[in-house]
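Have a look at the structure below, then the notes.
The values are calculated or read from the model by the stated rules, or taken from the named source; none is laboratory data. Since this is a predicted model, take the numbers as computed values, not measurements. Using ideal geometry, Cβ is built from the backbone for each residue, glycine included, and neighbour counts are taken over all protein chains shown.
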Amino acid sequence: MQSLGGSLRSQVDGHPCRRNRDRKNGGGHVAREAHRSGRARDRSSADGNPAAHQLYLKGRDFWNKRTDEGLRNSIDYFNQAIEKDPNYALAYTGIADSYDVLFFYSAVRIRPKEVFPKAKRATLKALAIDNTLAEAHNALAYALFEYYWDFAGLKYPIMACA
């Protein structure tokens, strides 16, 4: 078991993203400074529109229930957050995440072509607002993998860090 852990550690340490991050920002110094200065926080509604942020949090609470009703309620809350703040990228990722898993948790049979295109649209909207949002990249990768089978499209975030 020890050799497996050592092997994994060497793979992680040798990954291009890890090497470039360490080389570019002194092993996390820039990231720590960005966090202290507030640049790493959500740049839209957490500070700008508390009502939209509260609606987003309620949506996440329902999303975490992973039931048909919970996921449908989460979509409603995320849409309400977007009504309060149309530039709240996290709310769009919440919609995408909800549609991404609604196919699996729905009480009634939903066809994938009914939900995954909606997830992709919401994700692309979130990325148009903030292309650094990890949640949006994750939601897009899930849709590309699970529905579109666009394995070449899955490479773009990895290639961006190299």
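Across the range 142-162, the qualifying residues are those that are in a helix (DSSP H, G or I) and surrounded by fewer than 11 Cβ atoms within 10 Å (Cβ to Cβ), and the one among them that is modelled with the lowest pLDDT is Met159. In the set Leu90, Leu127, only one residue is assigned to a helix (DSSP H, G or I), of a type in the set (A, V, I, L, M, F, W, C), in contact (Cβ under 8 Å) with a residue 40 or more places away in the chain and out of contact with any His (no Cβ under 6 Å at 6 or more places or on another chain); that residue is Leu90.
Which one is nearest to Thr93 (Cα to Cα) among residues in the range 130-141 that are in contact (Cβ under 8 Å) with a residue 24 or more places away in the chain and outside any helix (DSSP H, G or I)? Filtering first and then ranking leaves Leu133. Say whether the condition of being surrounded by fewer than 17 Cβ atoms within 10 Å (Cβ to Cβ) and at pLDDT below 95 is met by at least one residue in the range 91-104. The answer is yes; a qualifying residue exists. For Val12, the conditions (1) modelled with pLDDT under 95; (2) in contact with an Asp or Glu (Cβ under 9 Å, 6 or more places away or on another chain); (3) part of a helix (DSSP H, G or I) all hold with the exception of (2).
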